Amino acid sequence: MDFTDGLFPFGWSLAAWVVLAPVFVVCARYAPWRRLAEQQAGLWFGAIVCLSFIWRMKAGVYPGLNLHLLGATALVLSVGPQLAILGLAAVVAVVTAVGNGGWQALPINILMMAVIPSVVAHTIFRVVDRWLPNHFFIYILVNAFAGAGVTILVTGAAACALLLGAEAYPAELLLTQYLPYFLLLSFSEAWLSGGAVTLMVIYQSRWVSTFDDRRYLWNK
């Protein structure tokens with residue numbers, strides 16, 4: 001993650017902007033702006049600031065092969081996928097401005113660290129919401145903890161696939177010196193997102209838009 005400019009051809013950046021344009025339009029069109037203004041503005045802006053600092057705490061293997069926590073699952077469960085994508089895109093822009101990654105690689109980084117993890121986290125929530133019982137511990141353990149771990153694993157696999165497609169690094173290096181570390185990172189991501197969502201549900205449940213007391217606490 002935090003891809004640098006030299007890893008991908010310029011055409012890849014243009015293609016990424018083509019993909020991102022309708023994504024941003026959809027997010028801006030369907031984001032719950034009223035709920036954000038009434039209840040979650042402080043949470044959303046605070047999350048952007050906090051994640052900007054968290055993403056700066058990273059471990060590097062090779063240029064562009066950085067490892068850091070994402071916090072995407074907690075943000076998706078709190079404000080929904082549209083605002084999560086926009087918020088994480090803002091985080092990508094902030095960390096790029098302070099020297100992580102590069103401006104040419106910005107759209108690719110947004111796709112990799114904002115769009116993909118948000119879509120994966122939201123998909124996990126929808127599957128759990130559809131097929132598993134409405135129970136508090138299922139919501140916390142599966143959506144927040146396990147969901148966060150799976151989300152960063154999928155993001156890591158997508159990053160490796162993208163780097164392989166661009167022939168930026170050989171497959172052996174990616175599979176032995178980069179991808180395995182996402183398994184270790186997934187445990188930290190699970191505790192970060194799971195702990196954050198648990199605290200919000202207990203003390204400020206109105207901040208978590210996907211959590212409903214009547215469904216997860218009062219449901220028999």
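Residues that are of a type in the set (A, V, I, L, M, F, W, C), open to solvent by less than 80 Å² (accessible area, probe 1.4 Å) and either under 27 Å from PHE10 (Cβ atoms) or free of Cβ contacts under 8 Å to residues at least 40 places away in the same chain (or both) within region 162-193 comprise LEU162, LEU163, LEU164, ALA166, ALA168, ALA171, LEU173, LEU174, LEU179, listed in sequence order.
Residues to consider are ALA121, ALA105; find the one that is within 13 Å of the chain's Cα centre (by Cα) and small (Gly, Ala, Ser).
On the way: ALA105 fails: within 13 Å of the chain's Cα centre (by Cα).
After applying the criteria, what remains is ALA121.
Within region 25-49, being of a type in the set (Phe, Trp, Tyr) and either surrounded by fewer than 16 Cβ atoms within 10 Å (Cβ to Cβ) or within 30 Å of VAL61 (Cβ to Cβ) (or both) holds for TYR30, TRP33, PHE45. Remark: pairs (first residue in region 20-48, assigned to a helix (DSSP H, G or I); second residue surrounded by 11 or more Cβ atoms within 10 Å (Cβ to Cβ) and among the basic types (Lys, Arg); Cβ separation under 9 Å; 6+ apart in sequence or on different chains) = GLN39/ARG206; GLN40/ARG206. Pairing each residue of region 194-214 that is free of Cβ contacts under 8 Å to residues at least 12 places away in the same chain with any residue that is open to solvent by less than 50 Å² (accessible area, probe 1.4 Å) and in a loop (DSSP other than H, G, I, E, B), provided the two are 6+ apart or on different chains, yields C-beta distances under 6 Å for SER205/PHE211.
The values are calculated or read from the model by the stated rules, or taken from the named source; none is laboratory data. Because the structure is predicted, anything quoted here is derived from the model rather than measured. Positions of Cβ are backbone-derived with ideal geometry, glycine not excepted, and every protein chain shown enters the neighbour counts. We work out accessible area using only protein heavy atoms, side chains counted, and drop any ligands, DNA or RNA first. Shrake-Rupley method; radii C 1.70, N 1.55, O 1.52, S 1.80 Å.
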